[in-house]
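Below is one structure, written out as structure tokens, with a few remarks after it.
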Amino acid sequence: MDLIQTPSKQFIDGDRRTPGTPVPAWWLNQLQGELYSILNAAGIEPNKADHAQVLSAIKTLAANASQVASIEALRKYSGDGYVNVNAYHPNTTVGGGVFVADKADKSTADNGCTVIVSTDGTRWKRVFSGMLNLHDFGYVASKDNALATLNAAEAAALGIVVDCLGLSIDTGNTYPQKNKYTNGKFVIDGKTVDVQYQPIRSGIGRFISGTGAAANLRSNEWTGAGLIVIGEGAMEQMEKCVSSIAIGDRAQGFSKVSRDNIAIGADSLINVQAKTEWYDQSKKAGTRNIGIGGNAGRAITSGFSNVAIGRNAGQGLGTGSLNIALGSFAIGGVAPIGFSGDIENFWPSKTSGTVAIGESVLMTYQGEGAQTAIGGSAARNAKMAEKLTAVGESALESLEKTRAPNGGDVLWSGTETGTYTQSGNNITLTLNNLRNATVGCWVGIRLTSGDAATTQGDVIPAEVVSVTETTLNVKSSKELTTSGSAEIKFVYSAVSTNGTKNTDLVAIGTRAMKGAETASYSTAIGAEAMIKGKNQLKSVAIGGSAMREGDHESSVAVGFWASPYGNSKYCVFIGDSAGYRNVRGDIIRDKITNSIAIGFNSRLNGDNEIQIGGAGQTLYAPTTVNIRSDGRDKTDIKPMQNGLEFVMKLKPVTGYYDRRDSYTDELFKDLPADEREAKIREWWANPEKDGSHKEERLRHWFIAQDVAALESEYGQLPMVNLKNDTYTLEYESFIPVMVKAIQELSAQVEDLKSELKELKK
């Protein structure tokens, strides 16, 4: 091994720009151990105040020790005390050492390295500390005996560090593991693997461990200072680096330049590429990123100041900056194992300033604008939406769920089987039905046999580059010559053509607007507000379960359970359970248009209604209520015919309200919903009331059915309405009739006055 890791194999001094020669910790430990072994062999206890102990020990050992030429000579040697063995084999220079006789040991077997048994039965034990190497077990390059000496080390089973001297040793089908092997490779069943123990390389501002870790960083350059690199292949391709950390296999593994990047976890920040290692504020690209967790920030290249924590967190980020992704798969992207056999990130997001906190939050997002999503699965399926604020578990989860992962349209999905051939990077798929795939489309491919067979059965997106009647061609990132069976699973357009823009959305509350697949200019605040509706446009729902189900356009619902089941357009619902039921008590499930319900449990019968308050309430107005009556807004105007005659047939009555709808909520509660609604309709037509909901205030009215009975004589009357088996009267419509009647009475009075005047003459 190169103990001095410089081109000249000499130690060099450092300065402020160039560090001195890094000294590996393992080497210092070995040196310390060797020195201690000398003292121990001479029976000298270490004393830090005495700087001549090693010299004294050497003199003592030299005076007392005998010398033999080889290990084999030691086996024939008879004596005690110390013996200096010049080399393992005669006429060589390596593998020797100091051995001491242990006369009390009568049983330990000869292992060819640390214990040698002489012909007279003496156990000679090697004086060593910490590490041995294959030379100590008899390796000589000219003898080509690497495997034999490795087997000897395995047989000894010392459990110590054994230096394999940088050799590649074919061990058949066995992985040696009875010692800590370092500095070498094993060939097992034809496959080359690293030995399991990697000593730490340290130096000024450096701490490096792992096969291939920081393999391309030159130790005599300033770049590379201030590093912690641990893991196989961590920073393996790095050429220039300052103040960065990579812990985990292949962490920052494909990076060539890095500054102030922290990657902890296998493949974390694997692709980050800083524009410069220098502290230049105008060149922040690829710097100041934090990725913690397997694959965290995997696709980040030139983006800066991103934070991704959690397995696969920020895996879908690319060139964007100032993003926060906390939680497994937060901004995880579309990243199957591709044709290369490695994870490939398709359609990485360019977003900047986005905050995604929670598992799978904004998982497939690839837009550019800044978004905020907090809570497990919040905005999970959003691809290209803009101006999103989603706070709460599953808030806006289904938005753009039906959109293709690349942001385009799903043209087809299913399974179409066929075959493929690959030549170089070109894959040709032959299918009975191309499913309208054209050049520029994306197809999802699964190769089920042959050397190019996809790993784990992953479906790999690929862009179609050419098409014939029965074939389509795509590109592979790996060159092969092979063929086999294939499937396509989907066809996506390159961009969406449906014109739907999902933007300006606020969803706050657990599962708020969860079911919306398309939405714009809408707000849902409250647990499960707009939870199931698929399409929300220019609408507002505030309150738990407000607008719970259904699609809404240009409508407002404020209050718990406000308009929970119906669809609406141009409506307003204000109050707990406003718009929940109609007057009869049926749950409103149909579409309501241009209606207003204000007040607790305020009920609507249908379109174009205004319902203010509920049963038992009295409507007061602090000033005059004006009803629009501009002649310019009217047509087909004719003199009224109904007057005194009609009025004389009206039946004014007095009484008390005992409303049916006050009873319905407490009837037939034990029945299933559909049976209950049928029973209530039956009861509604012929109610049996016990007077428990009779109001105290005496009222003056007309009975609507009495007025309706006049329709047989006068035709349909505008003041009577019937919806859901409930009669209503428009009392303001009686005013013109009453005025007409007064006018007719006045005319009669005038006639009587004239007659009376004539009679008096």
Among the residues of region 253-271, write down those that are under 21 Å from the mean Cα position of the chain (by Cα) and in a loop (DSSP other than H, G, I, E, B).
GLY265, ALA266, ASP267, SER268, LEU269, ILE270, ASN271
Selection count where residues are part of a strand (DSSP E or B), at pLDDT below 95 and not aromatic (Phe, Trp, Tyr), scope region 81-122:
8
Tell me which residues, restricted to region 445-469, are assigned to a strand (DSSP E or B) and buried (at least 20 other Cβ atoms within 10 Å of the Cβ).
ILE445, LEU447, ILE460, PRO461, ALA462
Can you spot a residue in region 182-190 that is exposed (fewer than 15 other Cβ atoms within 10 Å of the Cβ) and touching a residue at least 40 places away in the same chain (Cβ under 8 Å)?
no
Restricting attention to region 722-748, which residues are charged (D, E, K, R) and under 60 Å from the mean Cα position of the chain (by Cα)?
LYS723, ASP725, GLU730
Checking ASN721 against (1) in a helix (DSSP H, G or I); (2) surrounded by 13 or more Cβ atoms within 10 Å (Cβ to Cβ), only one condition comes out false. Which one?
(1)
Set GLY579, GLY606, GLY614: member being crowded, with 17+ Cβ neighbours inside 10 Å and either under 44 Å from the mean Cα position of the chain (by Cα) or outside any loop (DSSP other than H, G, I, E, B) (or both):
GLY579
Residue among THR438, THR389, THR430 that alone is buried (at least 19 other Cβ atoms within 10 Å of the Cβ), farther than 25 Å from ILE343 by Cα and among the β-branched types (Val, Ile, Thr)
THR389
Please verify whether LYS757 is basic (Lys, Arg) and exposed (fewer than 10 other Cβ atoms within 10 Å of the Cβ), treating the condition exactly as stated.
yes
Considering every residue within region 5-26, establish whether at least one is among the polar types (S, T, N, Q) and modelled with pLDDT of 70 or more.
no
Of everything in region 155-174 that's among the hydrophobic types (A, V, I, L, M, F, W, C) and assigned to a strand (DSSP E or B), which residue is nearest to PHE137 (Cα to Cα)?
VAL162
Could you grab me the full set of residues in region 71-84 that are without any contact (Cβ under 8 Å) to a residue 24 or more places away in the chain and closer than 22 Å to VAL140 by Cα?
GLU72, ALA73, ASN84
ASP280 meets each of (1) surrounded by fewer than 24 Cβ atoms within 10 Å (Cβ to Cβ); (2) more than 16 Å from the chain's Cα centre (by Cα); (3) under 24 Å from SER477 (Cβ atoms) with one exception, condition (3)
Could you tell me which of the residues ILE270, ILE300 is surrounded by 21 or more Cβ atoms within 10 Å (Cβ to Cβ), under 19 Å from ALA370 (Cβ atoms), β-branched (Val, Ile, Thr) and out of contact with any His (no Cβ under 9 Å at 6 or more places or on another chain)?
ILE300
In region 470-520, residue farthest from ALA546 (Cα to Cα) [restricted to those that are of a type in the set (Asp, Glu) and surrounded by fewer than 17 Cβ atoms within 10 Å (Cβ to Cβ)]:
GLU479
Would you mind finding the one in VAL68, VAL54, VAL117 that is β-branched (Val, Ile, Thr) and in contact (Cβ under 8 Å) with a residue 24 or more places away in the chain?
VAL117
Do we find a residue being aliphatic (A, V, I, L, M), within 30 Å of PRO405 (Cβ to Cβ), buried (at least 24 other Cβ atoms within 10 Å of the Cβ) and out of contact with any helix residue (DSSP H, G or I) (no Cβ under 6 Å at 6 or more places or on another chain) anywhere in region 251-267?
yes
Single residue of ALA486, ALA516, ALA529 found to be in a strand (DSSP E or B) and not aromatic (Phe, Trp, Tyr):
ALA486
If you go through region 617-649, how many residues are within 59 Å of the chain's Cα centre (by Cα) and surrounded by 10 or more Cβ atoms within 10 Å (Cβ to Cβ)?
1
Among (1) in the same structural domain as THR728 (by TED's automatic domain parsing); (2) in contact (Cβ under 8 Å) with a residue 24 or more places away in the chain, where does ASN605 come up short?
(1)
Given the options GLY297, GLY332, GLY314, GLY320, name the one that is touching a residue at least 40 places away in the same chain (Cβ under 8 Å) and part of a loop (DSSP other than H, G, I, E, B).
GLY320
If a residue has to be closer than 22 Å to ASP163 by Cα, modelled with pLDDT of 80 or more and aliphatic (A, V, I, L, M) to count, how many in region 197-228 make the cut?
4
Selected residue (only one of GLU744, GLU688, GLU696, GLU682 is loosely packed, with under 13 Cβ neighbours inside 10 Å and either part of a helix (DSSP H, G or I) or not assigned by TED's automatic domain parsing to the domain that holds VAL653 (or both)):
GLU682
Hey, LYS638 in a helix (DSSP H, G or I), more than 19 Å from THR728 (Cα to Cα), without any contact (Cβ under 8 Å) to a residue 24 or more places away in the chain and among the basic types (Lys, Arg) or not
no
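The values are calculated or read from the model by the stated rules, or taken from the named source; none is laboratory data. Just so you know, these numbers come straight off a predicted model, no measurement behind them. Here the Cβ is made from the backbone with ideal geometry for all residues, glycine too, and neighbour counts use every protein chain on show.
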